[in-house]
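First comes the structure, then the notes that go with it.
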Amino acid sequence: MTPPAAGARPVVLSIRDAALQRGGRELWAGLDLDVHAGELVAVLGPSGSGKTTLLRAILGLEPLSRGSVTVEGEAVEHRGSRSIGYIPQARPLPRDTSLRGRDLVTLGVDGHRFGFPIPRRGDRARVDALIDAVGARDFADRPVGLLSGGEQQRLRAGQALADDPPLLLCDEPLTSLDLANQQAVIGLIDRHRRDKDAAVLLVTHDINPLLGKVDRILYIANGRFTLGTPQEVLRSDVLTALYGAHVFVLRAGDRLVVVGAPDAEASHHHHDHGADA
């Protein structure tokens, strides 16, 4: 059975007339974005373009300079929402971190409660189910600081999925992971999207691991943005107009490579990561 078009599905995340300033400088303005149930939208753009700050605004951690954000019709508040799951960048935890892998996942199950978390009936079973879902059974009882980056990121995914959130935000979740672990984490995100009909907004520097799964791309650059399918956005003429400079999108086998995108802070990415942003 063919799934319904995104426009026919409920809107999970709605952003209206959003603008973002940093240090008195407006990064971009006039952003309207609806992300529908079951849709994966990737956010691309050079360093400093406001991608992570956009996620922080959706989380209620940082205000937009203008505009509104609603999740399932409710205005975003300045505290955590159980409707939103969040997978951060894959930064390694300190080796002396005392938490076990299981404890990291448990924070997603009981960490939203005020005061000292009191285990509820079914919590342990829920944690075990999440650990199994992300393939972490073999290392769940080891100290997280001794785990590999890929193992830690699987556990972060388990934590983010604890409440079966209808909206999943991912901030460069594949950074520093090898290809096998990138594919594993993408598989977890994509399975949650399909099984729970969840909306996903994912910031990435490399679109290649997501090709074939991403529905639309929001590309932010040079104070402007463009929104469309990968075929509509990842084109030399579109990115040249967006950057105001000559940009070329080349296909190398099954990979896309963006060449010439001006990005003083991260120019090296455009030479070795392919379709970087």
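Here is how the numbers come out for the structure above:
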read-out	value
Pairs where the first residue, in segment 18-33, is over 27 Å from GLU72 (Cβ atoms) and among the hydroxyl-bearing types (Ser, Thr, Tyr) and the second is surrounded by 16 or more Cβ atoms within 10 Å (Cβ to Cβ) and modelled with pLDDT under 90, C-beta under 7 Å, 6+ apart	none
Every pair of residues 6+ apart whose Cβ atoms lie under 6 Å, when the first sits in segment 135-159 and is without any contact (Cβ under 8 Å) to a residue 24 or more places away in the chain while the second is in a helix (DSSP H, G or I)	ARG137/ILE131
Conditions (1) modelled with pLDDT under 90; (2) not in a strand (DSSP E or B): number failed by THR52	(1)
Segment 176-207: number of residues that are over 23 Å from GLU72 (Cβ atoms) and surrounded by 17 or more Cβ atoms within 10 Å (Cβ to Cβ)	10
Qualifying residue in segment 123-145 (condition: touching a Pro at 6+ places or on another chain (Cβ under 9 Å), at pLDDT below 90 and either surrounded by 14 or more Cβ atoms within 10 Å (Cβ to Cβ) or of a type outside the set (Asp, Glu) (or both))	yes
Candidate set from segment 77-106 (those that are over 17 Å from the mean Cα position of the chain (by Cα) and not in a loop (DSSP other than H, G, I, E, B)); member that is farthest from LEU202 (Cα to Cα)	ARG100
Pair list, Cβ under 8 Å, 6 or more apart: segment 208-230 residue under 19 Å from LEU169 (Cα atoms), other residue of a type in the set (Gly, Ala, Ser) and modelled with pLDDT of 95 or more	LEU210/ALA42; VAL214/ALA42; ARG216/ALA42; ARG216/GLY228; ILE217/ALA42; ILE217/GLY228; LEU218/ALA42
Only listed residue being among the acidic types (Asp, Glu), over 23 Å from ARG191 (Cβ atoms) and under 18 Å from the mean Cα position of the chain (by Cα), chosen from GLU62, GLU39, GLU74, GLU26	GLU62
Count of segment 68-93 residues which are in contact (Cβ under 8 Å) with a residue 40 or more places away in the chain and surrounded by 15 or more Cβ atoms within 10 Å (Cβ to Cβ)	13
Those residues of segment 4-27 which are modelled with pLDDT of 85 or more and touching a helix residue (DSSP H, G or I) at 6+ places or on another chain (Cβ under 9 Å), in sequence order	LEU13, ILE15, ALA18, LEU20, LEU27
Whichever residue in segment 244-257 is part of a strand (DSSP E or B) and of a type in the set (A, V, I, L, M, F, W, C) and, among such residues, is farthest from SER176 (Cα to Cα)	PHE248
Near pairs, Cβ below 8 angstrom, 6+ apart or cross-chain, from segment 42-67 (closer than 18 Å to LEU174 by Cβ and in contact (Cβ under 8 Å) with a residue 40 or more places away in the chain) to any residue that is among the acidic types (Asp, Glu) and in a helix (DSSP H, G or I)	none
Unmet criterion (only one of (1) farther than 16 Å from VAL43 by Cα; (2) in a loop (DSSP other than H, G, I, E, B); (3) of a type in the set (Gly, Ala, Ser)) for ALA241	(2)
Scan of segment 28-47 for residues that are modelled with pLDDT under 95 and in contact with a helix residue (DSSP H, G or I) (Cβ under 7 Å, 6 or more places away or on another chain), ordered by number	GLY45
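The values are calculated or read from the model by the stated rules, or taken from the named source; none is laboratory data. Treat the numbers as computed from the prediction; the structure is a model and nothing was measured. Positions of Cβ are backbone-derived with ideal geometry, glycine not excepted, and every protein chain shown enters the neighbour counts.
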